[in-house]
Every structure is written in C-alpha cells, then in structure tokens.
Amino acid sequence: MSNAIIPRDIKVISFDLDDTLWNGTQVIMHAEKTMLQWMQTNTPRVLEVFPKEALRDKKMQFIRDNPHLRNKISAARQHFLEHIFAELDYSVPHKKAQACFEAFYEARQQVVLFDDVLETLDQLKQAYRLIAITNGNADIEKTGLAHAFEFCLQAENFERPKPHQDIFHHALALTDCRAEEVLHVGDHPVHDMQGAFEVGMHTCWFNDGKRQWDQNFEPDFVIESISGLAQNIFKP
C-alpha cells in the first residue's frame, strides 16, 4: 500500500464489488454458461439459430437499439431474452425469459472471493462502517456478504452508473456522512476512482495489474490486495 496515512476522520469505507472483491469476468462467464445450458434444455432453437458469438452480438445490437436499457443490466437481459424467444415463436416468451434470467442470475451470485476478503472485511468492520457501490447486479445477500455491509447500491437502480455522481451522493445521504469521511475502494480508475474523487471522497485504488492509471490525479492509496488495506490500518 502507498505510504499515505489513513485520515482519522474516515468513518465509512465503500467497496466496489466485481473485480475488487472477486473476479467479475469469471463470474459472468460462469453465469453465461449456465444461461446457455438452460437454453439448450428449454429453448434449443435459440442456439441452433444463434451460436454463442452471434447471440452475444445480437444482444449488443438490442441494447444499441434500446439505449434506455443500457444501464439497466438486469432488465436489458430479460427484455433481450423475451425478444429472442418471441422472434423464434416460443410460447409465453415472457415467462421463459424470466426463467432463463433466473438461471443466469443465480449463477451470477456464485462468486469466489479473492484471498482474505472475508477476514479483511470482518477486521475493518471493527473500526469502520462498510458499504458497497456497484455497477453490476451482484446481490450481497446471495453472495454471502450481507453481514459485512450496511447496504449495497446497484447502479441499475439509478439514472446513470459510476462514475456519475448520483450514486455516490446517494451513498453519502444514506450514511449521513460528508464526502471526506468516506474512503472508496475499487479497481476501475474511471468508474471507481474518478467518480469518488470528483465527489470529494478519499480514494483507494485496487491495482491488480490489469488496468493502467491515466487519470489527472493520484489516488490517496494504492493496494495490490484487499488485505493490504487492513494491514496498513491495523499495523503495529
């Protein structure tokens, strides 16, 4: 972690979820695979007409054609599935879309936490209030993290996702804290760090080596593992 000292006025630590507490890409790949397996069993014509890559391309085109769904990731997937099932003349496409999405969504919650995440959150919770702010649709109840966080804000419930300030301001309102009393931890230099910085929060960049830092400001802290945060705060 960088040599900066955690300010004493920090009361709340906010965490991003995907790619900060677990590998988001692996989780989504698993959920997509589960969704395709559901289709193979229940709506096999979909995969006969649209192989995996073609189905993904068709989904992206559907979202481009329906920009109001761009940030509503759960609704976008459900509407797309209903659209596909209707296009291929499946009966009750709405119900089939709900069932297919449910298979995806349940698999999407089967996360594998990075090393020491649970221990670190439990340790931090002794001294700080913990919250989560995500652009994804992970459910902290289903991922087994509800005990760690006071609440989780999902961007699809807001007009715009991170880095837009709406969701950060809502977090401040719910915690009844000033921005300078919150430290936001996340992997994405723009979505997490820029968004939190522009609101006035302290920033802690989780640098896993996958992203370049090209912002016009420096994060207050840099960690290479989530455990590094607690190790710095509680060091002897």
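Here are the numbers for this structure:
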{"quantity": "Cβ-Cβ FRET estimate between E102 and I28, R0 fixed at 25 Å, reported to 0.05", "calculated": "0.95"}
{"quantity": "Among P189, S74, G209 - extreme Cα towards positive end, dipole of the chain, charges at beta-carbon", "calculated": "S74"}
{"quantity": "Ordering of 152-165, 16-29 by packing [mean C-beta count within 10 Å, highest first]", "calculated": "16-29, 152-165"}
{"quantity": "Beta bridge orientation in the chain: antiparallel %, DSSP, nearest 5", "calculated": "5"}
{"quantity": "Relative packing of 53-59, 108-114, which averages over residues the other C-beta atoms within 10 Å, highest first", "calculated": "108-114, 53-59"}
{"quantity": "Burial order of peptide ranges 208-214, 8-14 (average beta-carbon count within 10 Å, highest first)", "calculated": "8-14, 208-214"}
{"quantity": "Helical contribution to [θ] at 222 nm, DSSP H n ≥ 4, -39,500 (n - 2.57), averaged over the chain, rounded to 500", "calculated": "-13000 deg cm²/dmol"}
{"quantity": "Ranked H68, H169, criterion: other C-beta atoms within 10 Å, fewest first", "calculated": "H68, H169"}
{"quantity": "Gap separating the Cα centres of region 82-131 and region 201-235, nearest whole Å", "calculated": "26"}
{"quantity": "For the chain, alpha-carbon Rg relative to the globular expectation (2.2 N^0.38 Å, N residues)", "calculated": "1.11"}
{"quantity": "Cα long-axis angle, helix 93-108 against the chain (0 to 90 degrees, to the nearest 10)", "calculated": "40"}
{"quantity": "Prolate/oblate/rounded call for region 26-108, Cα gyration tensor, a/c under 1.5 rounded", "calculated": "rounded"}
{"quantity": "Extension gain, H164 back to Q37 (0.36 nm per residue minus Cα-Cα distance, nm)", "calculated": "42.1 nm"}
{"quantity": "Mean Cα-pair separation over length for the chain, i.e. relative contact order, pairs under 8 Å, 6 or more apart, %", "calculated": "27"}
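A short reminder: the numbers here are calculations on the coordinates, not readings from a lab. Since this is a predicted model, take the numbers as computed values, not measurements. Positions of Cβ are backbone-derived with ideal geometry, glycine not excepted, and every protein chain shown enters the neighbour counts.
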